[in-house]
Amino acid sequence: MSDVEKIYAGPGIFVWGIDENGDEEADAITIDLTQGGITFTTTTTYFEPTTDQTGTAPVKSISTGTTGAINFETPDMDFEKVLKYNPNALKVQNATDPTKVKYQVTGLAGKELPRKRAVIMPLGISDPDQYIYIESVGIKFDMNAAYVLDNNRRMTISAMAYPSLSATPKGLLYTWGDISVTA
């Protein structure tokens, strides 16, 4: 029989910069204001060979890799956070008045996204069995600041989850549950 106590609802918190024990690193970014929730999805690609005898119908499916995606919108317009995960973002302080600041984003190619472990935690839930730890996350930042009537400004956060080649097991994409559990 199903247990209704195991049905969870509500918003989530995204933290980018988590150590191997599940604790926040010193320079972690926490985004705890979201609009529309946080989604984490995985996508697996497949090689599906065919034979002349089966035409275009594949005879089997072979996994060729899995990646993940984290997507949400936030009204947190703190550009200091963007500086940490976007290598194209720059902060310029006025030479004579350091309280005057501007942020610039360049559009040139060739900069690699920094990757860190992240976690998605349901708000108000302290049970690590309900957390999703994503092993290697690069945040793809594209501005989508909406200025509309009857709604607030917000930024879109899209992050890519990559299989980690340095994790155990090799290729670890995510861990559902308490990351500190050992065999």
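I'm trying to understand the selection: among the residues of segment 89-113, which are charged (D, E, K, R) and farther than 17 Å from Lys140 by Cα?
Within segment 89-113, the subset charged (D, E, K, R) is 91, 97, 100, 102, 111-112.
Correct list: Lys91, Asp97, Lys100, Lys102.
Residue under question is Phe79, and the condition is that it be at pLDDT below 95, over 26 Å from Asp178 (Cα atoms), within 12 Å of the chain's Cα centre (by Cα) and not β-branched (Val, Ile, Thr); does it hold? Can you show your working first?
Working: at pLDDT below 95: yes; over 26 Å from Asp178 (Cα atoms): yes; within 12 Å of the chain's Cα centre (by Cα): no; not β-branched (Val, Ile, Thr): yes.
The answer is no for Phe79.
So which residues in segment 125-143 are open to solvent by 30 Å² or more (accessible area, probe 1.4 Å), outside any helix (DSSP H, G or I) and charged (D, E, K, R), if there are any at all?
Correct list: Asp127, Lys140, Asp142.
Which residues, counting only those in segment 145-177, are open to solvent by 50 Å² or more (accessible area, probe 1.4 Å), touching a residue at least 60 places away in the same chain (Cβ under 8 Å) and not basic (Lys, Arg)?
Listed by number, the residues that qualify are Asn152, Tyr162, Pro163, Tyr174.
Taking segment 1-42 as the search range and keeping residues that are β-branched (Val, Ile, Thr) and part of a loop (DSSP other than H, G, I, E, B), which one is modelled with the lowest pLDDT? Give the steps one after another, and end with the answer.
Of all residues in segment 1-42, those β-branched (Val, Ile, Thr) come to 4, 7, 13, 15, 18, 29-31, 34, 38-39, 41-42.
Subset that is part of a loop (DSSP other than H, G, I, E, B): 7, 34.
Numbers: Ile7: 76, Thr34: 92.
Among those that are β-branched (Val, Ile, Thr) and part of a loop (DSSP other than H, G, I, E, B), it is Ile7.
Quick check: is even one residue across segment 33-41 open to solvent by 60 Å² or more (accessible area, probe 1.4 Å), touching an Asp or Glu at 6+ places or on another chain (Cβ under 7 Å) and free of Cβ contacts under 8 Å to residues at least 60 places away in the same chain?
Yes - at least one qualifying residue is present in segment 33-41.
Please go through (1) in contact (Cβ under 8 Å) with a residue 40 or more places away in the chain; (2) out of contact with any Asp or Glu (no Cβ under 9 Å at 6 or more places or on another chain) for Tyr131 and return the number of the only condition it doesn't satisfy.
Tyr131 satisfies all of (1) in contact (Cβ under 8 Å) with a residue 40 or more places away in the chain; (2) out of contact with any Asp or Glu (no Cβ under 9 Å at 6 or more places or on another chain) except (2).
The values are calculated or read from the model by the stated rules, or taken from the named source; none is laboratory data. These numbers were taken from a predicted model, which means no experiment stands behind them. Note: ideal-geometry Cβ built from the backbone for every residue, glycine included; neighbour counts use all protein chains shown. Surface areas here come from the heavy atoms of the whole protein model, side chains and all, with no ligands, DNA or RNA. Shrake-Rupley method; radii C 1.70, N 1.55, O 1.52, S 1.80 Å.
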